[in-house]
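Undergrad: One structure, as structure tokens, below. Some questions next.
Quick note: the coordinates plus some simple rules give every number you see, no bench work behind them. Quick caveat: nothing in here was measured; it's all calculated off a predicted structure. Here the Cβ positions follow ideal geometry from the backbone for every residue, glycine too, while neighbour counts run over all protein chains shown.
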Amino acid sequence: MSTDLIGTKTRSRPVSQLLAEEKKRITPKRPRDYVTWAVAIAIVAGLVWTAVTNENYRWPVVFSYFTTQSILNGLLITLVLTAVSMALSTLLGLVLAVMRMSHQRPVSGLAQLYIAFFRGTPVLVQLIFWFNIAALYPHISIGIPFTDISTPVNVNAIMTPLTAAVVGLTLNQAAYMSEIIRGGFASVPRGQHEAAESLGMSGFTKLRRVIIPQTMPSVVPATGNQVIGMLKETSLVSVLGVADLLNSAQSIYARNYQTIPLLIVASLWYLIMTLVLSVPQSMIERRFSRSTRVRLTPAATSAEPEAGQPVPATRESLL
């Protein structure tokens with residue numbers, strides 16, 4: 001009797017179904033594994049040894065300038081440029097992604113043209129172009145069309161190095177963010193669009209309540225990579241005279257000729273900021289990777305298309 005009860009309890013207990021990637025794999029150690037570890041340790045030890053013993057690195061100079069006020073001010077400008085450019089480019093990228101997926105050919109065509117142009121030209125060229133845009137349009141008028149109500153704007157006065165840096169980085173990054181967001185839109189199942197439309201949601205409500213929340217698992221991790229890339233791309237604005245981290249280091253070694261130590265200072269700060277941003281990015285990636293993994297059950301498996309059956313690819317218009 002006790003045996004039957006034990007068997008009944010055992011059979012009624014739910015058995016968790018592990019995914020293939022969750023199963024721990026045991027790999028036996030081979031001689032080449034120890035060889036690769038030895039080679040890697042030897043390379044790292046050699047690099048550390050030469051960095052410590054080579055006096056040309058001038059580590060006392062590096063440490064003396066590591067926290068100077070001009071370097072910290074440049075670090076602050078770099079962080080502000082990264083945050084502002086990423087925020088504006090994400091908003092513009094969202095608009096471009098919606099336009100890109102529109103069924104209206106003129107609208108999607110304009111978005112494709114924008115993306116092709118800004119992805120096809122170097123960001124350094126774009127920064128220099130925006131800094132010198134006053135050569136093409138010295139004055140512009142902002143007002144109501146077909147009326148005398150307008151306000152003249154001196155482009156040369158408003159297009160400062162910092163403004164040109166924000167405009168150039170934002171417009172370039174928006175082209176990449178639009179493709180990331182468009183990929184997130186494409187990952188939303190067609191049934192979600194149909195369900196939202198059956199509830200009578202407008203295009204904007206469907207986008208805000210249904211589509212955008214479901215794109216987060218695929219958009220957020222990729223956006224984290226773009227933030228780190230934007231942080232390093234801000235070093236390009238030094239050619240415009242913006243007092244960012246790299247420009248601050250250049251200004252110092254232009255006076256004392258300590259080129260290598262000051263470049264090491266800038267590199268270390270970029271490395272520290274990248275590592276600090278990589279920690280929350282890794283946590284976010286793990287969080288969303290867990291949320292997107294689906295545990296297959298017999299009911300879910302039976303609802304999937306059979307092997308060899310084509311899955312229709314559609315592009316849903318978001319607005």
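Undergrad: Pulled fully out, how much extra length does the chain show between V153 and N225, if you take 0.36 nm times their separation in residues and subtract their Cα-Cα distance?
TA: 22.2 nm
Undergrad: Right, next: About the Cα centre of the stretch 184-266, how large is the charge dipole given +1 on each Lys and Arg Cβ and -1 on each Asp and Glu Cβ? Please answer in debye to the nearest 20.
TA: Rounded to the nearest 20 debye, it is 100 debye.
Undergrad: Next question, about the same structure. Show me the ranking of peptides 246-254, 166-174, 75-83 by mean Cβ neighbours inside 10 Å, starting with the highest.
TA: Result, highest mean first: 166-174, 246-254, 75-83.
Undergrad: Next question, about the same structure. How much length is gained if the chain between A116 and I272 is pulled fully straight, taking 0.36 nm per residue apart and subtracting their Cα-Cα distance, in nm to one decimal?
TA: That works out to 52.8 nm of additional length.
Undergrad: Cα extents of the stretch 221-290 along the three principal axes, largest first, in whole Å?
TA: 52, 23, 12
Undergrad: How charged is the neighbourhood of V125? Take every other residue with its Cβ under 14 Å from the Cβ of V125, and add Lys/Arg as +1 and Asp/Glu as -1.
TA: Result for the neighbourhood of V125: 0.
Undergrad: Stretched out fully, how many nm does the piece from E55 to I41 gain, at 0.36 nm a residue minus the Cα gap?
TA: Working: separation 14, 0.36 × 14 = 5.04 nm, distance 2.31 nm.
Full-extension gain reported as 2.7 nm.
Undergrad: With the Cα gyration tensor of the stretch 43-148 giving a ≥ b ≥ c as the square roots of its eigenvalues, does the rule (a/c under 1.5 for rounded; else a/b larger than b/c for prolate; else oblate) give rounded, prolate or oblate?
TA: Verdict is prolate for the stretch 43-148.
Undergrad: Once you put a point 7 Å from the Cα of V107 and another 7 Å from the Cα of Q192, both along the Cβ direction, what distance in nm separates them?
TA: It works out to 2.0 nm between the two label points.
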